[in-house]
1. Picking from LEU247, LEU153, LEU30, which is most flexible by a Gaussian network model of the chain using Cα springs under 10 Å?
2. Pop the C-beta distance of LYS326 and LYS215 into the FRET formula with R0 = 35 Å and round what comes out to the nearest 0.05.
3. What does the extension gain come out to for LEU108 and ALA75, with contour length at 0.36 nm per residue minus their alpha carbon separation?
4. Normalised by the number of residues in region 128-234, what is the relative contact order in percent for Cα pairs under 8 Å and 6+ residues apart?
5. Pop out the Kirkwood hydrodynamic radius of region 97-245 from its pairwise C-alpha distances, inverse of mean 1/r, in Å to one decimal.
6. Direction-averaged shadow area of the convex hull around the Cα atoms of region 291-355, nm²?
7. Per residue, what accessible area does the chain have, given a 1.4 Å probe and all protein chains present, in Å²?
8. Would you mind getting me the FRET efficiency between ILE256 and THR333? Use the beta-carbon distance for r and R0 = 41 Å, nearest 0.05.
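The values are calculated or read from the model by the stated rules, or taken from the named source; none is laboratory data. For clarity, every value in this text was computed on a predicted model and none was experimentally measured. All Cβ positions, even for glycine, are placed from backbone atoms using ideal geometry, and neighbour counts span all protein chains on display. In case anyone asks, the SASA skips ligands and DNA or RNA and just uses the protein heavy atoms, side chains included. Shrake-Rupley method; radii C 1.70, N 1.55, O 1.52, S 1.80 Å.
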Amino acid sequence: MKVLTILGARPQFIKAAAISRVIREEVTELIVHTGQHYDANMSDIFFEELNIPKPDYHLGIGSGNHGKQTGEMLAKIEEIILKENPDFLLVYGDTNSTLAGALAAAKLHIPIVHIEAGLRSFNMRMPEEVNRILTDHVSTLLLCPTDTAIQNLTNENITAGVYNIGDVMYDAVLYNKTLAQSSSTILKNEELTPKDYLLITIHRAENTDDVERMKAILDAFTQIPEKKVWPIHPRTKKKLEDYGFQLNEIPNLKVIDPVGYLDMLSLETNAKKIVTDSGGVQKEAYFAEVPCVTVRDQTEWVETLIEDANILTGTDTNKIVEAVKKEVTPSYTPVFGDGKTSEKVLALLKEYSSK
């Protein structure tokens, strides 16, 4: 059995590390890196520290407008599919790389395996929402992380090939958190004390492409007196420079370069609270049992909202400040599976390949 895996963004590298480790025991896997995240700190380091096999193909697409980026990926992935003739094409999540891979495979009648199927924010202004909906509607195996995702697909009359296998990010965190504790030196390097800082990550286009939303978020950070650490995404940094915002005017804010996954796990685990617009970070906060504040109007990870483990604020300055101040004591119910998602992926690939 041959599986062609499409990767392009750092959350996908983390998920692939967990699944590739298992499926390669019995499956031939070829990895295509589209280059959607092209900065070395956003890409290469993940392959190195997580022991992900080096990509068999690197498309080098880089950044660009959605249509241009997706179109270039689509054309190049199609060439690879024609050359390799895989039994399955495997995609993760909701990026342009995900959609390009799914469309290329669908046109060539290659069965598509979508990991993290069924997620919905119900906000069609998010490019990720468009990507995930279109990918789900052409996929053969829709591997969902939660019961909510299953219900979302049922509501769209998608029931064939749908399975709740749990969340592969939980597999990754369980596997890597001990390694992060022993090998990461990020707290020492940045002179941070556990539970004495807020961790910030902001990168979603719905925020970064809107100057007023970014101003409201930065105003909130200015009003929050605690020490704040922000590993800044290159695209976010460029946008803030274009807008003329000065991060050095925000008190107690420490801006650092993007970090690898193990350092990020360490930062998340030791944070007092996390402020983010990232889907993956919302979940990692939940896994680490660290309260989270999400500066978006909706979240596809509604399970994290239980008992205010995660508080949605949008970009209302006052709501962000109040949510950061709020004392919460969630019970962190295990709603994301048993940490054996990768084994379930392999079992389903074997089952469907024999049909």
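1. LEU247
2. The value I calculate is 0.95.
3. Extending this stretch completely gives an extra 10.7 nm.
4. 20 percent
5. 18.6 Å
6. Computed as one quarter of the Cα hull surface, the answer is 5.9 nm².
7. Accessible area per residue: 42 Å².
8. 0.80
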